[in-house]
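Bear in mind these aren't lab numbers, they're just calculated from the coordinates by the rules spelled out. Just so we're clear, the structure is a prediction, and the values are computed from it rather than from any experiment. Quick reminder, even Gly has a Cβ in these numbers, built from the backbone with ideal geometry, and neighbours come from all protein chains shown.
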Amino acid sequence: MSSKINGQISPQPCPHLAEFRRNSTKPFLSLQDCLRIKPPGGRAALRRDPDELPRCFSCGLSAPSRLYACITCAAISCHSSAAGPSHAAAHAASMPSGHQIAVDVDRAELFCCACRDQVYDRDFDAAVVIAQTTASTLGGAGSPILSPQPENLRKRRRVDYRPWAPDLRERALIGSCSSLIAGADPSPDLPRGLRGLNNLGNTCFMNSVLQALLHTPPLRNYFLSDRHNRYFCQKKSNGDGDGAAGKRGGGKNGNKNGRICLACDMDAMFSAVFSGDRVPYSPAKFLYSWWQHAANLASYEQQDAHEFFISMLDGIHEKVEKDRRKPHSEGNGDCCIAHRVFSGILRSDVMCMACGFTSTTYDPCIDISLDLEPNQGGSTKMVTGTPNHSCNGEADCRNSSQNCGTSTLMGCLKRFTRAERLGSDQKFFCQQCQVRQETLKQMSIRKLPLVSCFHIKRFEHSSTRKMSRKVDRYLQFPFSLDMSPYLSSTILRSRFGNRIFPFDGDEPDASNELCSEFELFAVVTHTGKLDAGHYVTYLRLGNQWYKCDDAWITQVDETIVRAAQCYMMFYVQKMLYYKATDKQQVPS
């Protein structure tokens, strides 16, 4: 059972624990000297002596049952979760009031012997977490416990999703101010917005990414609701100093820092694609504007789709930041539409192997690059926050030669968030030891974006061997993805145990745990070789898959999508995945 406290779900209080706290002024003071932490990053345990092997005082067993120490008299008793006799419950029944509460000697978690269930106490959990933090910082297994700090719990209010329905006034406005798009739809079987894009000369890399972005639900809703009006944006640019600078620089598109706006070109593209016209669209103006932003990539040579994705989002971000003239954090959602949709926050923990000191940093990212190979000794991590090339280093090139088993997206994410020991050539300067030490590094996801983009590193470049090649291995990917195992709150919970206290000042984000379910809606694939390949996008609209091959749109079965050689995958939060193609009639 549970109850809500300050907007948060908390366990139902145990009556035996409440009575125990009322009758004791400092109920957990006797446990301070018995908490033992095994650095680095170990769990808390209860031992009177570091070398003690606890045993049940009734049967003398130390396994396989769980052992609990009575808080009042320190008697150790065993308890099995299966139905049967419990020496811990028998001890509580034979003793006076106050002996019902015990502590798990191996996990340092509270247990009620009368209720035969785990119980929670904020003061106790805070003391254990502080003891673990202190032991990690000082490197001592028996460090004294500090007094728990006062709670600073932010109020959270969960707002349930309710579909919008027009009221009487809105229905009247819709009936009087709306009109159908002129012209009949030549392809009534295809959903609206599904339109081919002409290849302008080795631009399949651009068309494949644009198709995915045009059907990204939050991005689509933003532009189709006129949140970025290209006419107003151009008028505003003409009236400020940037517009004058653009005129001095050689006209409308003469200065890439002047009046070039990729968001305006995206707005025009959304209007054209969702107009109902099925004739393939030519994104020539968008290509030219992107060339102005990324002059080093301005050519008709084949480019990398992932590099284009990063570059164009960076172009939209730079324009918005320049217009606002004040910095915004990409990870907090207070930024441009590109980062509000795709930006998340990663947590990186680097722990000293000598003393346990942990350095934690937070970095925004707009996608996650995953190594396709199983763990063969090379790094599997590469996060994109700024434009990157496809060079993954010599280690990846060595690993790619060893192909064993079938890779899965969940396996890649598990390797991405696992703890890895850095080599002797990557020693970290420890602030506690004041020297460089070997470290343990672990990545986790602090904040999930609305849309998660995963990039599979298929292109390898070796500077020492002076060779490049493509990895053609198959990757299994699910249509529904649960991201909760890779969240910082989950990983911290596995490290500290079951607590109801914020870990290290990092309160778990409730929105992450409520919105950790994702649905696949777009897959960008690459076929061919490194220097001569082709990009194709598979879109999921109305639970039906469509193949977007430049100007050609065809309906395909999901088995074809599952067998495709994925290069980029786009997942949207399940709470935002709507059947946009369902035809709903609004009563007049």
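Determine ³J(HN,Hα), in whole Hz, for all residues of the range 539-552 in sequence, where each value follows from phi through the Karplus function 6.51 cos²θ - 1.76 cosθ + 1.60 and θ = phi - 60°; x replaces Gly and Pro.
So the Karplus estimates, Gly and Pro as x, are 10, 10, 10, x, 6, 10, 9, 10, 9, 10, 10, 6, 7, 9 Hz.
In whole Hz and in residue order, list the ³J(HN,Hα) couplings for the range 349-362 that follow from phi through the Karplus curve 6.51 cos²θ - 1.76 cosθ + 1.60, θ = phi - 60°; x for Gly and Pro.
3J(HN,Hα) across the range 349-362, in whole Hz: 10, 10, 10, 6, 6, 8, 10, x, 5, 10, 9, 10, 10, 10.
Using packing as a proxy for protection, rank 113-122, 295-304 so that the peptide with the highest average count of other Cβ atoms within 10 Å comes first. Don't jump to the answer; show the numbers that get you there.
Numbers: 113-122: 16.9, 295-304: 13.2.
The densest-packed peptide leads the list: 113-122, 295-304.
Could you check the spin-label model distance between THR361 and TYR300? Points 7 Å from the Cα along Cα→Cβ, value in nm.
A separation of 4.3 nm, rounded to one decimal place.
Could you compute the net charge surrounding ARG421? Neighbours are other residues with a C-beta less than 12 Å from the C-beta of ARG421; K and R count +1, D and E count -1. Don't skip to the end; give the middle numbers.
Working: positive: ARG418, LYS427, LYS441; negative: GLU420, GLU438.
Local net charge: +1.
Report the calculated FRET efficiency for ARG469 and TYR288 (r = Cβ-Cβ distance, R0 = 41 Å), to the nearest 0.05.
Numbers: r = 33 Å, r/R0 = 0.80.
So the FRET efficiency works out to roughly 0.80.
Taking H placed 1.01 Å from N in the peptide plane, check which residues at least 5 places from GLY196 or on another chain put their amide H under 5 Å from its amide H.
Under 5 Å from the amide H of GLY196: TYR281.
Compare the peptides 277-290, 426-439 by average per-residue count of other Cβ atoms within 10 angstrom and give them in order, highest first.
Working: 277-290: 16.6, 426-439: 14.9.
The densest-packed peptide leads the list: 277-290, 426-439.
So if each residue of separation counts as 0.36 nm, and I subtract the Cα-Cα distance between ASP106 and ASP531, what length gain in nm does that give? Display every interim value, and only then the final one.
Numbers: separation 425, 0.36 × 425 = 153.00 nm, distance 5.68 nm.
Length gained, ASP106 through ASP531: 147.3 nm.
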